[in-house]
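Comments concern the structure below.
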């Protein structure tokens, strides 16, 4: 079966953030299909586990000038590579874990970063009791060495897992050290210079909201 | 210093989900102040690290009929307890981790659940290579024993950390086993019976979006 796919433009375009988020979902779906040795998939198959319609899927891909042949489907391996290229996860990115407490340690052990081509190459903490320890092959360094190490290793992405009351301060320091993207686990809305992107993950809040709903149900 | 706080109503009210989410943030802030041995705090102090105005904070508390005395402030310990009671985290909740792969294992090791009074009392996986292993004191059980164990232990909250392609199916099973709240880490929008609340955490998507922004910047 011959499947044609338009070559996606490499040019920088102004693509909505929502589209980028959905591309990330498509990628997950495509990787899953790849693991199942599916070579060609329809937009229905690709979107079946997502909260996205096949129409939206095709529309999103049209941004990049790429689409499967009508009635034939998408070449799974090729579309995977194309989306990885669009998202930038085709190349490896170095990341630092900042804060090596409970959550930071769990993240150091989370090998799911590998799948995203993310390599944890540094970890920092301000607690002398943690500095110098090696976890998952990464040595925890003191906060005082942050600037030096981040610059030296050319790290631009940081996972922030420090307590809420130091998150803003540490975030500002990271911005000064050349960090341009922060995945923030602290339950704080970081206010950082314009060039620094922040995504927030707040597990505790999500859980508390769930408990709150459960409690209401029980009352 | 005498601080008065209105006794919050115990009645079930129809409180917006956004308010519940913010209460969870206030709680974090109050716990932080408590650790710093601050006894009384103003709405400004409580909201200083949050993306919430003191006005919003006071408005949210007014839902429950509770507020500090103008110009005096809030009794940190008491307001902490009140919000815990409202959210339902004053009582311990048992949770199950479903899926003991990379992420599930990291979550089993994440002791941050303790702070929310959440006790991981069960873990499940369908991989025979994982079943029977004990991680952080919790024995990983096979999926076939899920119903029995969840019912026996009265677990109503599950953390779903299975691959995307089995998330919907496992979610449906959990609903049948009496689970009423799911924290979903799979990048899938679960469609479940009305009585089951779902909150989604998608780290990978967040990271990919960040990388995408970085890449655009570099291009």
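For segment B:166-182 and segment B:107-132, what is the centre-to-centre distance using only Cα atoms, to the nearest Å?
16 Å
What is the spin-label model distance, in nm, from residue B:31 to residue B:153 if the labels are put 7 Å beyond Cα along the C-beta direction?
2.1 nm
Is segment B:123-182 best put as rounded, prolate or oblate by its Cα gyration tensor, with a ≥ b ≥ c the root eigenvalues, rounded for a/c under 1.5, and otherwise prolate when a/b is larger than b/c, oblate when not? Intermediate results must be reported in sequence, preceding the final value.
Numbers: a/c = 1.75, a/b = 1.19, b/c = 1.47.
Since a/c reaches 1.5 but b/c is at least a/b, the shape of segment B:123-182 is classed as oblate.
Averaged over A:157-168, how many beta carbons belonging to a partner chain fall within 10 Å of each residue's beta carbon? Mind dumping the intermediate values first?
On the way: counts 4, 1, 3, 0, 1, 0, 4, 7, 8, 2, 1, 2.
Across the residues of A:157-168, the mean count of other-chain Cβ atoms within 10 Å is 3.
Using Cα springs under 10 Å in a Gaussian network model of chain A, which residue among A:172, A:208, A:148 shows the largest mean-square fluctuation?
Comparing A:172, A:208, A:148 in a Gaussian network model of chain A, the most mobile one is A:208.
Which of rounded, prolate, oblate describes segment A:88-219, given a ≥ b ≥ c as roots of the alpha-carbon gyration tensor eigenvalues and a/c under 1.5 marking rounded, otherwise prolate only if a/b is larger than b/c?
Prolate is the answer for segment A:88-219, as a/c is 1.5 or above and a/b outweighs b/c.
Taking 7 Å along the Cα-to-C-beta vector as the label spot, tell me the residue B:117-residue B:44 distance in nanometres, rounded to one decimal.
Each label point is offset 7 Å from its Cα along the Cβ direction, giving 3.2 nm.
Nearest beta-carbon of A to the rotation axis carrying it onto B: which residue, how many whole Å?
In residue-and-Å form, the answer is A:106, 2.
Cα-Cα pairs above 19 Å in segment A:53-119: how many percent?
Every Cα pair in segment A:53-119 considered, those over 19 Å come to 50 percent.
Of all DSSP beta bridges located in the protein assembly as shown, what percent are antiparallel, nearest 5?
Restricted to the protein assembly as shown, the bridges split so that about 20 percent are antiparallel.
Roughly how many nanometres apart are two label points built 7 Å out from the Cα toward the Cβ at residue A:194 and residue B:81?
Placing both labels 7 Å beyond Cα along the Cβ direction yields 5.0 nm.
Does segment A:16-73 classify as rounded, prolate or oblate by the C-alpha gyration tensor (a ≥ b ≥ c root eigenvalues; a/c under 1.5 gives rounded; else a/b over b/c gives prolate, otherwise oblate)?
oblate
Shielding by partners for A:176-188, please: the mean number of other protein chain Cβ atoms within 10 Å of each residue's Cβ. It would help to have the intermediate numbers written out before the result.
Details: counts 0, 0, 0, 0, 5, 9, 1, 5, 1, 2, 2, 8, 7.
Mean shielding count: 3.
For segment A:72-106 and segment B:188-207, compute the distance between their C-alpha centroids and round to whole Å.
Distance between centres, Cα-based: 20 Å.
What is the antiparallel percent of DSSP beta bridges lying wholly in segment B:109-219, to the nearest 5? Display every interim value, and only then the final one.
Values: 2 of 13 bridges.
Taking every DSSP beta bridge with both residues in segment B:109-219, the antiparallel ones total about 15 percent.
Where the label is 7 Å out from Cα toward Cβ, how close does residue B:195 come to the same position in every other copy, in nm, shortest first?
Counterpart label points of residue B:195 in the remaining copies fall at 5.5 nm.
State, as an integer percentage, the relative contact order of chain A based on alpha-carbon contacts under 8 Å between residues 6 or more apart. Walk me through the intermediate numbers first.
Working: 308 pairs, mean separation 31.1, N = 219.
14 percent.
May I ask for the Kirkwood hydrodynamic radius of the protein assembly as shown, worked out over all distinct Cα pairs and given in angstroms to one decimal?
Value: 23.3 Å, from the Cα pair sum.
Residues in segment A:167-181 near a label at residue A:102, defined as backbone nitrogen under 19 Å from the 7 Å Cα→Cβ point?
Residues passing the 19 Å test: A:167.
Looking at chain B as a GNM with Cα springs under 10 Å, which of B:192, B:174, B:207 has the largest mean-square fluctuation?
Result for chain B, Cα springs under 10 Å: B:207 fluctuates most.
Which distances in nm, rounded to one decimal and ordered from shortest, link the label point of residue B:132 to the equivalent label points in the other identical copies, with labels set 7 Å from Cα toward Cβ?
4.1
Please give the FRET efficiency for residue A:90 paired with residue A:126, using the beta carbon to beta carbon distance and R0 = 35 Å, rounded to the nearest 0.05. List each step's numbers first, then the result.
Details: r = 35 Å, r/R0 = 1.00.
The calculated FRET efficiency here is 0.50.
With the label 7 angstrom out along Cα to Cβ, how close does residue A:59 come to the same site in each of the other copies, in nm, nearest first?
When each copy's label point is compared with this one, the spacings are 3.2 nm.
Give me a single rounded figure for B:194-206: the average over its residues of other chain Cβ atoms within 10 Å of their Cβ.
Taking the mean over all residues of the peptide, I get 6.
Between residue B:135 and residue B:59, what FRET efficiency follows from the Cβ-Cβ distance if R0 is 35 Å, with the result rounded to 0.05? Could you put the intermediate results ahead of the total?
Values: r = 43 Å, r/R0 = 1.24.
According to the calculation, E is roughly 0.20.
Taken together, the values in this text are just the output of simple stated rules run on the coordinates, not laboratory data. Since the model is a prediction, treat every value here as computed from it, not as a measurement. Every residue, glycine among them, receives a Cβ derived from its backbone with ideal geometry; neighbour counts consider all protein chains shown.
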